[in-house]
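These notes are about the structure you will find just below.
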Amino acid sequence: MNEALGNPATLEALLDKYPDLVNDMSTGGAQPLHMCGMSRGKQQATAILIARGADIEALDTYGFTPLHRMASNNLPIGARALLAAGADPAGGAGPGSSRRPGAVRQTPLDVARSSGAADVIKALQVHRRSSALLGMAIGPTCASSAERGDICLRRST
């Protein structure tokens, strides 16, 4: 799976054959979306995994969601794809979030700041402003836009 994340065609073929791999847990508790948050080349696979039903709020053994991983490594394309799919921008740690057992106590924005992840900080700020100012919600129908690196908005219901 790890190698396939760097090649969209290979990833699609692998998931066609073994769809359950979309949420496969590797050593260390990382799921494929977490692995996308560990390198620039693999962040491109984020939208593919989301479209295939990957758990956008999965926790790894460190209590990080995939968005935390993107924040820790300054991977804005993956971060925008997760936000467009409806990932909690507070990562379960902010006001109004329901904290889950095992979740890290930092928000993705906290992690981005401590990592000097300027591109992800900007993505999180744009997401927050867009959602608040427009009364909109980011939704899963926007995966193709997020794959291009765009931010896609849809009316909240």
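Where a number appears in this text, it was derived from the coordinates with a stated rule and is not lab data. Computed from a predicted model, the values in this text were never measured in an experiment. Neighbour counts are summed over all protein chains in view; Cβ atoms, including those assigned to glycine, are modelled from backbone coordinates with ideal geometry.
The table below gives the values:
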{"read-out": "Using a Förster distance of 22 Å, the FRET efficiency for Ser39-Val126 (Cβ separation, nearest 0.05)", "value": "0.45"}
{"read-out": "By average C-beta atoms within 10 angstrom, highest first, the peptides 3-11, 108-116", "value": "108-116, 3-11"}
{"read-out": "Coordinate range along principal axes, alpha carbons of region 1-127, Å, largest first", "value": "40, 29, 23"}
{"read-out": "Ordering of 40-47, 12-19, 118-125, 65-72 by packing [mean C-beta count within 10 Å, highest first]", "value": "65-72, 40-47, 118-125, 12-19"}
{"read-out": "As computed over region 1-65, the Cα convex hull volume per residue (Å³)", "value": "71"}
{"read-out": "FRET efficiency, 1/(1 + (r/R0)^6) with R0 25 Å, evaluated for Asp55 and Glu3 via beta carbons", "value": "0.75"}
